[in-house]
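The values are calculated or read from the model by the stated rules, or taken from the named source; none is laboratory data. Quick caveat, the model's predicted, so the values are computed rather than measured. Heads up, the Cβs are rebuilt from the backbone with ideal geometry, glycines too, and the neighbour counts pull from every protein chain shown.
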C-alpha cells in the first residue's frame, strides 16, 4: 500500500482479489465506520375522547372550504375562457359579452358548490353536536314554561 499526497487519508493503491474488500473499493481508512440504526416508527398520537368529534368536524369543514375554493377557481377559469373567446371574436367583445361571460362563470361555480350545504350538514351531524343541541332545547323548553303560567 502506498500513501497518496493527501495526508488525511490513506487509500489502498493495490487491488486485492476480493472485490468486497475496502482496498478494492478504494475506501478511506482514516475515519471510523459508523453504523446508523433506524429507529422504530413513532406511534401516532391518539386523540382524546373529548376532542375526537371536534377534530373530525374541523377536518370535514376544512374539506368543505377547500371544495368552495376549488369551485370559485373553476368559475373564474370558465369566465376567463369565455372572455378571451368573446374578445377574439369581435371588437370590444369582452365588454359586450361581460354579462353572459359572468353568468357562465357563476353558473359553473354554483354547480360545483351545490353540494356544500349537504357537506356542512354532514360535518355538523356528530354525536357531541346532537347532545349539545338537546341541551339547548331543554333550556329553551324550561324558559318557555315560565312564560306559560
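Computed quantities for the displayed model
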quantity	calculated
Residue 91 out of contact with any strand residue (DSSP E or B) (no Cβ under 8 Å at 6 or more places or on another chain) and under 30 Å from residue 57 (Cβ atoms)	no
Verdict on residue 132 being in a helix (DSSP H, G or I), out of contact with any helix residue (DSSP H, G or I) (no Cβ under 9 Å at 6 or more places or on another chain) and surrounded by 11 or more Cβ atoms within 10 Å (Cβ to Cβ)	yes
Where residue 91 falls short, out of the listed (1) on the phi > 0 side of the Ramachandran plot; (2) modelled with pLDDT of 75 or more	(1)
Any pair with Cβ under 8 angstrom, 6 or more apart, that starts in the stretch 33-55 at a residue that is within 30 Å of residue 122 (Cβ to Cβ) and ends at one that is part of a helix (DSSP H, G or I) and modelled with pLDDT of 80 or more	47/55; 53/127; 53/128; 53/129; 54/128
Residue satisfying condition, being loosely packed, with under 11 Cβ neighbours inside 10 Å, at pLDDT 80 or above and closer than 30 Å to residue 122 by Cα, within set 66, 58	66
Flag for residue 144 being modelled with pLDDT under 95, out of contact with any helix residue (DSSP H, G or I) (no Cβ under 7 Å at 6 or more places or on another chain) and farther than 30 Å from residue 49 by Cβ	yes
Cβ pairs under 6 Å, 6+ apart, first in the stretch 85-110 and free of Cβ contacts under 8 Å to residues at least 24 places away in the same chain, second surrounded by fewer than 14 Cβ atoms within 10 Å (Cβ to Cβ)	none
